[in-house]
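Below: the structure, in structure tokens.
The values are calculated or read from the model by the stated rules, or taken from the named source; none is laboratory data. Fair warning: this is a prediction, and the values are worked out from it, not measured in the lab. A quick note on method: Cβ atoms are made from the backbone with ideal geometry, for glycine too, and the neighbour counts reach across all protein chains shown.
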Amino acid sequence: MIQIEQLVKSFGNNKVLKGMDLEIPSGQATGIVGPNGSGKTTLIKSILGLVRPDSGTIRVNDVKLNGTWLYRQNIGYMPQVARYPENMKVFELFDFIKGLRDQEPVFERELIEQFQLGPELEKSLRVLSGGNRQKVGATLAMMFDPAILFFDEPTAGLDPRSSFKFKERVKEEKRRGKTVVITSHIMSELEQLVDYVIFILDGKIRYYGSMENLLEENKEQRLEGAIARMMEKSES
Amino acid sequence: MKLLTHIVQNEWKTLIRGKWVIGYGLIFLLLTDTLLRFGGGGPEVLLSLSNVMLLFIPLVGMIYGILYIYQSREFVELLLTQPINRKTLYWGLYCGISTPLMAAFILGASLPLGWHGILMIDPSASIMVLALGGVLTLIFVALGFVLGLAFYDDRIKGFGFTIVIWLFMAILYDGLILMAIFMFGDYPLERFVIGATMLNPIDLARIMVMLEFDISALMGYTGAVFRRFFGTAAGLFTASGMLAVWLAVPTWIGLRVFKKKDF
């Protein structure tokens, strides 16, 4: 469960989050959409503790964030850009993160097999292709079986096959009762993966509710059309 | 503590595999060996070595620290999303990257000093030069860290400040003090000079070397004032105390910035 109250954050003169209230119950799959620079990544980074909000409170599983760090044991995060130390090998990176988290991996083998990372394990991260690096990121996010999963533009660099496998995996996590939060610009992907949609515009939440409701309200068949309509409405 | 050593070990492993720390050590090995072969041995060699060290260690240390911050941005961000606190991560990264650089200098310079016998003939002076090089490495890697964190999104500015700080501390500082003395020669300037020296770690290290070798001709104005004011023993003591402060302050500022930073 993630509870956010009156979250405000600015970088210099640039007000990125302008007072956000949000509650994401456990076990819900939520997609965050919004134009570039609307504050999606800043919102996720605030929940992860990478960004310190100016004001407002964030609670993750009833732990109030204030430089706390243990709550992240329950969080897996797959970043938008995956860059790792160049001359580290893939299995060494996995070992390093295992030691950092001090947790035993639950799905390490399973995920490596699913994403076909087996032949890449001995390679150094420098020679890995962008897609394979994304897969390494996805594996790191899910292998400790955390209750909350964040994916920031997860399928941007994946080939169709890997992307399909990734989505299958996320659906599986959903079935197992995980809280899943995904940001993406690919609306068809969100349609497949999430049940609830948060639409952020200009640092504020413009819509938060179920996917069906959103489509109905805007009299659209597809998410893409509904979002486009909402963006037009807020401009006029 | 376990976590800290885990991070440090990982940094060591990746750095040693990167090979250029080893190259850096080899440069000092070659340099020291060449100096000993052509310089005839004795205190002159240690002096030449310390001159090179005073010039280059600060530059290399700062560039190295700031480059690390810039190159491992995404990785550090990933590490920060793991359940560890920022303080542990900061010390892990700092110790992990500064100690191999320090070890490379100390090993690279001490091996030739050992096989040419200087380490036996003049142990206190050799150890002092080696230790000063080590401390300067730690100080300037920390300064590089601070600059990298402060100019996180503006690399050009970060590198610019690095070069300016190095030029100022390593090259211009003594000249500027001399100019001030020349201009305000009618006033008692001793305290000002002492104070100004304290503000530059490279100058402090240089004065310590000169005091140890007791070479007034090479001491420069600040060194001479320093010795007259404190005497050799107290001078060495004060200077090393100030170097400790210089080590503590940048690392502490770096920690503060790291803890409060938005990544």
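The table below lists the values:
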| item | result |
| --- | --- |
| Conditions (1) within 14 Å of chain A (Cβ to nearest Cβ); (2) in contact (Cβ under 8 Å) with a residue 12 or more places away in the chain: number failed by B:Gly254 | (1) |
| Residues within the stretch B:1-10 that are at the interface with chain A (Cβ under 9 Å from one of its Cβ atoms) and either of a type in the set (A, V, I, L, M, F, W, C) or buried (at least 16 other Cβ atoms within 10 Å of the Cβ) (or both), tallied | 4 |
| Cβ pairs under 8 Å, 6+ apart, first in the stretch A:38-49 and at the interface with chain B (Cβ under 10 Å from one of its Cβ atoms), second in a helix (DSSP H, G or I) | A:Leu48/A:Arg72; A:Leu48/B:Leu80; A:Gly49/A:Arg72; A:Gly49/B:Leu80 |
| Scope the stretch A:79-137; condition acidic (Asp, Glu) and within 13 Å of chain B (Cβ to nearest Cβ); matching residues | A:Glu86, A:Glu92, A:Asp95, A:Asp102 |
| Some residue of the stretch B:221-235 being part of a loop (DSSP other than H, G, I, E, B) and out of contact with any Ser or Thr (no Cβ under 6 Å at 6 or more places or on another chain) | yes |
| Residue, surrounded by the most Cβ atoms within 10 Å (Cβ to Cβ), within the stretch B:226-263, restricted to residues that are among the aliphatic types (A, V, I, L, M) and within 16 Å of the chain's Cα centre (by Cα) | B:Ala239 |
| Output for the stretch B:17-41, where each listed residue is of a type in the set (A, V, I, L, M) and more than 25 Å from A:Lys89 (Cα to Cα) | B:Leu26, B:Ile27, B:Leu29, B:Leu30, B:Leu31, B:Leu35, B:Leu36 |
| Some residue of the stretch B:54-64 being under 24 Å from A:Glu86 (Cβ atoms) and of a type in the set (Phe, Trp, Tyr) | yes |
| Test: residue in the stretch B:152-161 that is touching a residue at least 24 places away in the same chain (Cβ under 8 Å) and within 14 Å of chain A (Cβ to nearest Cβ) | yes |
| Within the stretch B:20-101, helices (runs of 4 or more DSSP H) holding 3 or more residues that are more than 14 Å from chain A (Cβ to nearest Cβ) and more than 22 Å from the chain's Cα centre (by Cα) | B:20-39 |
| Lone qualifier among B:Phe145, B:Phe140 - being touching a residue at least 24 places away in the same chain (Cβ under 8 Å), under 21 Å from the mean Cα position of the chain (by Cα) and more than 25 Å from A:Leu125 (Cα to Cα) | B:Phe140 |
| Residue in the stretch A:173-180 that is among the acidic types (Asp, Glu) and free of Cβ contacts under 8 Å to residues at least 40 places away in the same chain present | yes |
| Answer residue from the stretch B:38-58, given it is among the hydrophobic types (A, V, I, L, M, F, W, C) and surrounded by 18 or more Cβ atoms within 10 Å (Cβ to Cβ) and is nearest to B:Lys259 (Cα to Cα) among those | B:Ile57 |
| Residue in the stretch A:64-75 that is in contact (Cβ under 8 Å) with a residue 40 or more places away in the chain and charged (D, E, K, R) present | no |
| Residues of the stretch A:105-143 classified as part of a loop (DSSP other than H, G, I, E, B), closer than 17 Å to A:Ala82 by Cβ and of a type outside the set (Gly, Ala, Ser), total | 7 |
| From B:Gly114, B:Gly133, B:Gly92, residue being modelled with pLDDT of 90 or more and farther than 28 Å from A:Gly99 by Cβ | B:Gly133 |
